[in-house]
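Q: Pasting a structure below so you can have a look.
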Amino acid sequence: MNFETSSNQVRGLSFHPKRPWILSSLHTGVIQLWDYRMATLIDTFEEHDGPVRGVHFHHSQPLFVSGGDDYKIKVWNYKTHKCLFTLLGHLDYIRTVQFHHECPWITVRVWDIAPLRKNNTPPADEDDIMGLTQMNSDPFDATVKYVLEGHDRGVNWAAFHPTLPLIVSGADDRKVKLWRTNETKAWEVDTLRGHSSNVSSVMFHAKHDLIVSNSEDKSIRVWDATKRTEIKTFRRENDRFWILAAHPETNLLAAGHDSGLIVFKLERERPAFALSGDSLLYAKDGFLRRYEYSTQKDSQVIPIQRRTPDSSPSLNQSPPPRTLSYSPTENAVLISSDLDGGSYELYIIPKDRSEDAKRGTGGGSAVFIARNRFAVLDKSTGQEEVVVVLVVKNLKNEVVKKIPLPIPTTDAIFYAGTGTLLCRCEDKVVTFDLTQRLVLGEVHTPSVRHVVWWSNDMESVALLSKHTIILASKKLALLCTLHETTTRVKRGAWDDDNGVFIYTTSNHVKYCLPNGDSGIIRTLDVPIYVTKVSGDKIFCLDRDGKNREITVNASEYMFKLALMGKRFDHVARMIKSSRISGQAMKGFPEVALHFVEEEEGDERVRFNLAIESGNMSVAVASATNINEEDYWYRLGVEALRRGGNSGIVEFAYQQTRNFERLSFLYLITGNLEKLSKLMKLKKGVMGQFHNALYMGDVKERVKILENAGLLPLAYITASVHGLEDIAERLSIALGDDVPSLPQGKTHSLLMPPIPVVCGGDWPLLRVMKGIFEGGLESANEEDDVEEGDWGDALAEEEEEDGEEEGEGSGWEGLELPLQLDTPKVSAFMTPSQGMAVSQIWSQESLLAAEQAAAGSFDTAMRLLNRQLGIKNFAPLKSMLLDLLIGSQSYLPAFSSSPVVPLAVERGWSESSSRGPPALVYELSQQEEKLKSGYKATTSGKDENLTEAVRLFRSILHTIPLLVVESRTEVEEVKELVTIVKEYILGLKMELKRRETRDDPVRQQELAAYFTHCNLQPPHLRLALFSAMGVCYRARNLATAYNFAKRLLETNPTESQAKTARQIVQAAGRNMTDATELNYDFRNPFVICGSTYVPIYRGQKDVSCPYCTARFVPSQEGNICAICDLAVIGAEASGLLCSPSQVR
Amino acid sequence: MAGMGSGPDHLFNLRNTFYLGAYQTAINNSEIPNLSPEDAVERDCLVFRSYIALGSYQLVISEIDEAAATPLQAVKLLAMYLSSPDNKESTISSVKEWLADSTIGNNAILRLIAGTIFMHEEDYNEALKHTHAGGTMDLHALNVQIFIKMHRSDYAEKQLRVMQQYDEDHTLTQLATAWLNLAVGGSKIQEAYLIFQDFSERYPMTCLVLNSKAVCCMQMGNFDEAESLLLEALNKDAKDPETLANLVVCSLHVGKSSSRYLSQLKLSHPEHVLVKRVSSAEDNFERALQSIA
């Protein structure tokens, strides 16, 4: 139910199509216009005599029509509150009136003269059509299409189905009948029985397959239109129902009864939803849906409609979900509804879409209290009374435990952090810790409907009731209470970044700061349900369950927040960018003033702010600038009101030449000197006299009176005050007209009162209480409260069972698998130690790295020796150790007990079981090293090259301890070995060349060999360029020519190419070599890794079993100079670096 | 097992903070009024055990005098055992003596302390002799840990089931579940992580919880998250041995240098498992070198 009025009997109703208005026409002839959202009476129209049964809003014009039992039809303009005209001509009671939706016509149905004729006339079957502004050419073309016979007594109402050829009718025979029509005839389909008195009105529901009827039996009944069964009955105690109306667009209904009207809807529109990170889960049309805020993706998750096999998907079968609770980690949803007096359904959303959701149901409403636990408020009927307990269940829907509620009258529970619940009972809400079974806090509040936690830290909570919002701390220490008197609170959400609560009412989006300050952000046409606030965006669900995003101007509350947080830079920026409306400034004049001052702001604004904030010096300066009487006046008034600033008051009065006020000011401040000066200014007789009076200066007074020609008064004044000589002089002047002095009265000299303080400003008690202190204070209070809670909580705990003696201690009752009472050695055999994971690893693996990680260094080294011929293990020592260290993590467990080492496994996934050890070396790291090595090579200085060799070496040293998964990666690793080997060889030769400066022949040779290493093109170019230069300088022109030619083929840089071309040209003329080199580029060769001499094809060589570097035969048995690991010429089975090679 | 009735449990918070490793908080919040004498003893045990966990052995030794209750005497034994390697033998003989005394030998705290000490001695047989019968959540949790160390997760699971039967939501039950999940590995690790996640949402973060979470992350191959958790833990306590040890491991996996953490650990906790493991591995290496040569 949305809205209820009380008035006289309501006979007619009409919804406004756009505005939240409803017209109700009363038995008394009055027509009332209500705003049902704000619950206010907007207007009344009284011109009809007797009951008015028909009213109707015009769909676009500000008009409505009414028809009454006075035979009159009136057309009204509700804006001007006038009856435009009255149509006469009917000869009976007018039952309904209706505007035609296109033509300027009014449809009227007149009282059926023969109600017992068993005929039925739907309202749209025009009995009578009246042209409103123009007469239709053929207004009386209405024909009776069908006569529906079937009711035994008078038909009161009939209505068409909005889309189907159906008619429903209600009559005094207490029946509702359903009719079907076709082109030619109409026949009765069914009769709905149930009303116990005359059916006054009946209609189809516009959006659902329902029929709604009301009756003089004081009930409204809802019927299933398909199954023709009664679904629900709403009763009133004393009021007969007379009329029904449906809103043309929304699903609101209205019913008029003996003492007013009600506006209601049949189903809850408030969608049930739960927020989880970026997504919103909500129930709509029998499905659980997920909406992602960032992507605005809206998708269907699982069907949630609970139904019996044969029922149709209409809302009446299962009431819409009331609440939804979600456990994101387990992907489980609890949906509670009112079905069967409260029940819940548990769904586990499958990861795979093809699977069905697991379901579980139960009675009572349920809320998750932990990842895999939920609490059910179970109202089980005991022997005699209803017992309410909390049942904690797991995700299998099994009862884990039952907990008695702290307050037996709890009727709803809400989530309040893991293991904690908010319990709603009667007029308060308490937080209840389920594990401690302690009430942590409570707050009194009207029945809470929603609980919204500040998702940031769960430190604040908003409790929403119908008309109240309470913000409280986690322990329910009240932060503030907010009442919405006229409208109702819908839903809200926290602005997570700022700690502001944003909520919607029926017609506004509003904010509430933790200090209780609130305001309107914007107005709304239709109610929305806020789900999330992010920056200036508000996400919400509308009545149809659609997600919407609204951008709002958040500057007002941001400004206030900035002030509260003393973030003045923000404040200043906001004011500068003038994003703040005057409204926002309200309440913070001194701050605003501060910032206005800095600007070329409007002087008047500044003055107003200064006055408001009591900053008088600014006000004076400002008033001087403005220099207008009104402002001076206001300044004076304010200064006087503030008491202390008599100087300013005086200044203001002087500026406006307001002598009366000025003199009084001088009087009360005791400034007699100025008062006398003022007196002498001679500004008007009255002013002077006043001043003389204030001064107590009798002579002056007499003089003034005398000058003004008021001789008798002057005489009396003089004689009363004992100024005999003057009195005598005056009496002479007066002659016979000397007035007689009143007898029997004593006289005294009026003297000005002695002021408490003479001159200057009154002392003011300076209270430096800024707007900010309030916030701090309340923070302190909160602390106090928490301490209080703590004390209380402890005081409540009184009894506790002693160790192992409590009868109720469930321990005793447990059947322990081990014998509890006889801890004898004989009864217990310590199991033998199990196998450590590292042992399993070392048993299973043929990979050296995994053996090392398992700690079996000897096995690892033997494997390396066998597979790669490695004998020099020194470079591998630190790596083996790292592998070992990296294979175990350390779990701190029980206090002061030894730590639990855990084997770290590789390739974990949710479905995996035990895996091989996690290794600290990865192929990708080696690729990174390779890149760095390339870079160092390009840089080309000696130290760079040394570094490059180090990097490449490190790659070669790591590869034996590398494990990759796939065959392709194995190939990559092998390729890497070759690449790195070539580079190490080349770079070592280049370094050697740079050392041997005194041997130009060897230099040239080394440079030449370098160009035969397999290098990246840029590096090859560098090698060629260097060799070309070296040879050219040594006058080995033919060789230099060869290098230059090769260089030109490699797409060199412009400068390289230029030099190369020059050399080609120079050398081309004289293709000779000055010295002979051990270098024949026509004959393919490899280079010995130790001696750096070419080994031409066909010559004998030996190679490194690991890095494949080649050597002259004399090197056999030595450690390879390239990889520094393996023995040259040793037997080896080859690199094994992947489980895929073993399989 | 105190406080097992339906009434409110006075020591609930204290016990939880202790189990989750917020030792200083436990000490600070130990002033609880209206405790029964039994509860007061339990409270004192928790406080002194917290001091031990913080390394303040001498304080415990000097504060607990001869007149104190048996559980407290047992706690004092633990402090003595841990305070210096020289005390170990004498302490162990005292423990054995006390355990043989039929009047106090069955005391739950004494058995718990004995179990802890024998665990340090890696004498699991002796430890289980006194703890296997259980009787308190602490003892069962210790049993779980002993069995995990023995690589007998089947036995650990039996102990855990006893705990679950008693109170599935007890902090120690949850912790022991997570420990076992981690030891079993595979898909169970996710569950362990969620349990620690729950703790970190419900209670203030401690080194213990952060390390536990980090261990889960490492087990799942998520070394980056583990590293940030561990650095957070390091912020809380720069000398926590487990934090340092796990940082050594984690740094290696993210390709960073671990040497600084390792030398810190060697300096501050020369007896740590990791330090011992490294030095024994070095010996291994030398031996292997000999055998291959």
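The values are calculated or read from the model by the stated rules, or taken from the named source; none is laboratory data. Bear in mind the structure is a predicted one, so any value in this text is a computation, not a measurement. No Cβ is skipped: glycine too gets one built from the backbone with ideal geometry, and neighbour counts run over all protein chains shown.
Q: Check whether at least one residue in the stretch A:968-988 is over 17 Å from A:F1085 (Cβ atoms) and part of a loop (DSSP other than H, G, I, E, B), and report yes or no.
A: Within the stretch A:968-988, not a single residue is over 17 Å from A:F1085 (Cβ atoms) and part of a loop (DSSP other than H, G, I, E, B).
Q: Can A:R290 be described as at pLDDT 80 or above and of a type in the set (K, R)?
A: Yes, satisfied.
Q: Kindly indicate the residue of the stretch B:201-256 that is under 25 Å from A:A370 (Cα atoms) and of a type in the set (S, T, N, Q) and also surrounded by the most Cβ atoms within 10 Å (Cβ to Cβ) among those meeting that condition.
A: Per the stated criteria, the residue is B:S212.
Q: Tally time: how many residues in the stretch A:430-447 are within 11 Å of chain B (Cβ to nearest Cβ), of a type outside the set (V, I, T) and assigned to a loop (DSSP other than H, G, I, E, B)?
A: Residues meeting the conditions: 3.
For every residue, the table says whether it meets (1) modelled with pLDDT of 90 or more; (2) crowded, with 23+ Cβ neighbours inside 10 Å; (3) within 7 Å of chain B (Cβ to nearest Cβ).
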| residue | (1), (2), (3) |
| --- | --- |
| A:L876 | yes, yes, no |
| A:L881 | yes, no, yes |
| A:Y890 | yes, yes, yes |
| A:S897 | no, no, yes |
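Q: Here is a follow-up. Among B:I113, B:I146, B:I109, B:I92, which is in contact (Cβ under 8 Å) with a residue 60 or more places away in the chain and assigned to a helix (DSSP H, G or I)?
A: One residue alone meets the criteria, B:I109.
Q: While we're looking at this one, here's another question. I'm checking my understanding of the structure. Among residues of the stretch A:903-941 that are in contact (Cβ under 8 Å) with a residue 60 or more places away in the chain and touching a helix residue (DSSP H, G or I) at 6+ places or on another chain (Cβ under 6 Å), which one is farthest from the other protein chains (Cβ to nearest Cβ)?
A: Filtering the stretch A:903-941 for residues that are in contact (Cβ under 8 Å) with a residue 60 or more places away in the chain and touching a helix residue (DSSP H, G or I) at 6+ places or on another chain (Cβ under 6 Å), the one farthest from the other protein chains (Cβ to nearest Cβ) comes out as A:T937.
Q: Could you list all residues from the stretch A:882-901 that are without any contact (Cβ under 8 Å) to a residue 60 or more places away in the chain and of a type in the set (A, V, I, L, M, F, W, C)?
A: Answer for the stretch A:882-901, where residues must be without any contact (Cβ under 8 Å) to a residue 60 or more places away in the chain and of a type in the set (A, V, I, L, M, F, W, C): A:L884, A:I885, A:L891, A:A893, A:F894, A:V899, A:V900.
Q: Then there's this: For B:G135, which of the numbered conditions (1) touching a residue at least 24 places away in the same chain (Cβ under 8 Å); (2) in a helix (DSSP H, G or I); (3) of a type outside the set (D, E, K, R) fails to hold?
A: In the conditions (1) touching a residue at least 24 places away in the same chain (Cβ under 8 Å); (2) in a helix (DSSP H, G or I); (3) of a type outside the set (D, E, K, R), B:G135 misses (2) alone.
Q: Take the stretch A:615-641 and flag every residue that is modelled with pLDDT under 75 and surrounded by fewer than 17 Cβ atoms within 10 Å (Cβ to Cβ).
A: A:S617, A:R641
Q: Just to verify a result, which residue in the stretch B:21-35, among those that are more than 10 Å from every other protein chain (Cβ to nearest Cβ) and outside any helix (DSSP H, G or I), is modelled with the lowest pLDDT?
A: B:S30
Q: Test B:A183 against the criterion of being more than 8 Å from chain A (Cβ to nearest Cβ) and under 25 Å from A:P917 (Cβ atoms), and give yes or no.
A: No; evaluated as a whole, the condition is false for this residue.
Q: Separate question: Taking interchain pairs and intrachain pairs at least six residues apart, which have beta carbon atoms under 8 angstrom, with the first residue in the stretch A:1087-1106 and among the polar types (S, T, N, Q) and the second in a loop (DSSP other than H, G, I, E, B)?
A: Note: pairs meeting the criteria are A:S1090/A:V1112; A:S1090/A:N1118; A:S1090/A:A1121; A:T1091/A:V1112; A:S1103/A:A1109; A:S1103/A:I1128; A:S1103/A:G1129.
Q: Could you please find all residues in the stretch B:168-177 being within 9 Å of chain A (Cβ to nearest Cβ) and assigned to a helix (DSSP H, G or I)?
A: B:T171, B:L172, B:L175, B:A176 - these are the residues of the stretch B:168-177 that are within 9 Å of chain A (Cβ to nearest Cβ) and assigned to a helix (DSSP H, G or I).
Q: Given A:H56, A:H48, which one is under 28 Å from A:N507 (Cα atoms) and either assigned to a strand (DSSP E or B) or modelled with pLDDT of 80 or more (or both)?
A: The unique qualifying residue is A:H56.
Q: For the condition over 22 Å from A:D285 (Cα atoms), surrounded by fewer than 19 Cβ atoms within 10 Å (Cβ to Cβ), more than 39 Å from the chain's Cα centre (by Cα) and in contact (Cβ under 8 Å) with a residue 24 or more places away in the chain, what is the one hit in A:R228, A:R235?
A: A:R228
Q: Considering B:Q219, B:Q165, which residue is out of contact with any helix residue (DSSP H, G or I) (no Cβ under 8 Å at 6 or more places or on another chain) and either among the aliphatic types (A, V, I, L, M) or within 9 Å of chain A (Cβ to nearest Cβ) (or both)?
A: B:Q165
Q: Residues A:E975, A:E995, A:E965: which one is in contact with a Pro (Cβ under 9 Å, 6 or more places away or on another chain) and surrounded by fewer than 23 Cβ atoms within 10 Å (Cβ to Cβ)?
A: That would be A:E965, the only listed residue that is in contact with a Pro (Cβ under 9 Å, 6 or more places away or on another chain) and surrounded by fewer than 23 Cβ atoms within 10 Å (Cβ to Cβ).
Q: Further question on the same structure: Does A:V65 qualify as being in contact (Cβ under 8 Å) with a residue 40 or more places away in the chain and either farther than 25 Å from A:S506 by Cβ or assigned to a loop (DSSP other than H, G, I, E, B) (or both)?
A: It is true that A:V65 is in contact (Cβ under 8 Å) with a residue 40 or more places away in the chain and either farther than 25 Å from A:S506 by Cβ or assigned to a loop (DSSP other than H, G, I, E, B) (or both).
Q: Can you pull out every residue in the stretch B:22-57 that is under 25 Å from A:A893 (Cβ atoms) and among the polar types (S, T, N, Q)?
A: B:Q24, B:T25, B:N28, B:N29, B:S30, B:S50, B:S56, listed by residue number.
Q: Quick check: is even one residue across the stretch B:195-208 modelled with pLDDT under 95, facing chain A (nearest Cβ under 7 Å) and over 24 Å from B:T243 (Cβ atoms)?
A: no
Q: Is it the case that some residue within the stretch A:892-899 is closer than 30 Å to B:M119 by Cβ and of a type in the set (V, I, T)?
A: yes
Q: Please verify whether B:S102 is surrounded by fewer than 22 Cβ atoms within 10 Å (Cβ to Cβ) and either in a helix (DSSP H, G or I) or at the interface with chain A (Cβ under 9 Å from one of its Cβ atoms) (or both), treating the condition exactly as stated.
A: No; evaluated as a whole, the condition is false for this residue.
Q: Looking at A:E947, A:E910, can you tell me which residue is assigned to a loop (DSSP other than H, G, I, E, B), out of contact with any strand residue (DSSP E or B) (no Cβ under 6 Å at 6 or more places or on another chain) and farther than 23 Å from A:S856 by Cβ?
A: None of the other options fit; the residue is A:E910.
Q: On to the next question. For A:C83, only one of the following conditions fails: (1) at pLDDT 80 or above; (2) exposed (fewer than 14 other Cβ atoms within 10 Å of the Cβ); (3) hydrophobic (A, V, I, L, M, F, W, C). What is its number?
A: In the conditions (1) at pLDDT 80 or above; (2) exposed (fewer than 14 other Cβ atoms within 10 Å of the Cβ); (3) hydrophobic (A, V, I, L, M, F, W, C), A:C83 misses (2) alone.
Q: Right, something else. So, in the stretch B:123-132, of the ones that are without any contact (Cβ under 8 Å) to a residue 12 or more places away in the chain and at the interface with another protein chain (Cβ under 8 Å from one of its Cβ atoms), which residue ends up nearest to B:L14 (Cα to Cα)?
A: Residue satisfying both the conditions and the ranking: B:H132.
Q: Could you tell me which of the residues B:I146, B:I92, B:I109, B:I104 is at pLDDT below 90, among the hydrophobic types (A, V, I, L, M, F, W, C) and in contact with a helix residue (DSSP H, G or I) (Cβ under 7 Å, 6 or more places away or on another chain)?
A: B:I104
Q: For B:E232, which of the numbered conditions (1) over 25 Å from A:Y921 (Cβ atoms); (2) more than 19 Å from the chain's Cα centre (by Cα); (3) within 10 Å of chain A (Cβ to nearest Cβ) fails to hold?
A: Of everything listed in (1) over 25 Å from A:Y921 (Cβ atoms); (2) more than 19 Å from the chain's Cα centre (by Cα); (3) within 10 Å of chain A (Cβ to nearest Cβ), B:E232 misses just condition (3).
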